[in-house]
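Down below is the structure, laid out as C-alpha cells.
No lab work stands behind these numbers, since they all come straight from the coordinates. Everything numeric here is computed off the predicted structure, so don't read it as measured data. Note: ideal-geometry Cβ built from the backbone for every residue, glycine included; neighbour counts use all protein chains shown.
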Amino acid sequence: MTAVIPATTAADVTERRKRPRLQISIPALIHIWDGVPPVRCTILNMSSRGSLLRLEAQAVVPDNFALFLIKTGAVRRDCRVVWRRDNFLGVEFVWRFGHV
C-alpha cells in the first residue's frame, strides 16, 4: 500500500531522491486496465527510476498502472505508486522505457 501524505502543492514535497530529476511538463495518460477510461496527467519531473505526476482531475489510481506519453502514445512505462499527496503521485518505474 502506498503512503498518503497531505499537502497542497508540489513544492511541499520534501526532496529525498538519490538521483536528480529533469524538470519537465509532458502530458500523459494513466492506463489502468482495458475498459476503464484513461486518467489524464502531467509528468512534472523524471529520472531514470521515477517521476512526479500531477492528475488533471480527481481520480482513483491503483498502485500499479501503465503510463503513456500523449504526443505519440508509443512510449510506455509501467509504474508503481510510491506516495500520494492530493492530486500528485510519486511513482517508480518498474521497467525501462518501452515502445508499443
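Quick notes on this one:
- Whether region 21-99 is rounded, prolate or oblate, judged on the alpha carbon gyration tensor where a/c under 1.5 counts as rounded: rounded
- Segments 35-46, 54-65 sorted - mean Cβ within 10 Å per residue, highest first: 35-46, 54-65
- For Asn45, the amide hydrogen comes within under 5 Å of the amide hydrogens of Ile24, Leu52, counting only partners 5 or more places away or on other chains and with H modelled in the peptide plane.
- In sequence order, calculated HN-Hα J values of region 81-86 (Karplus, 6.51, -1.76, 1.60; Hz; x Gly/Pro): 6, 9, 8, 9, 8, 6
- Placing unit charges on the Cβ atoms of the charged side chains and taking the dipole of region 21-99 about its Cα centre, the candidate lying farthest along the positive direction among Val75, Trp33, Ser48 is Ser48.
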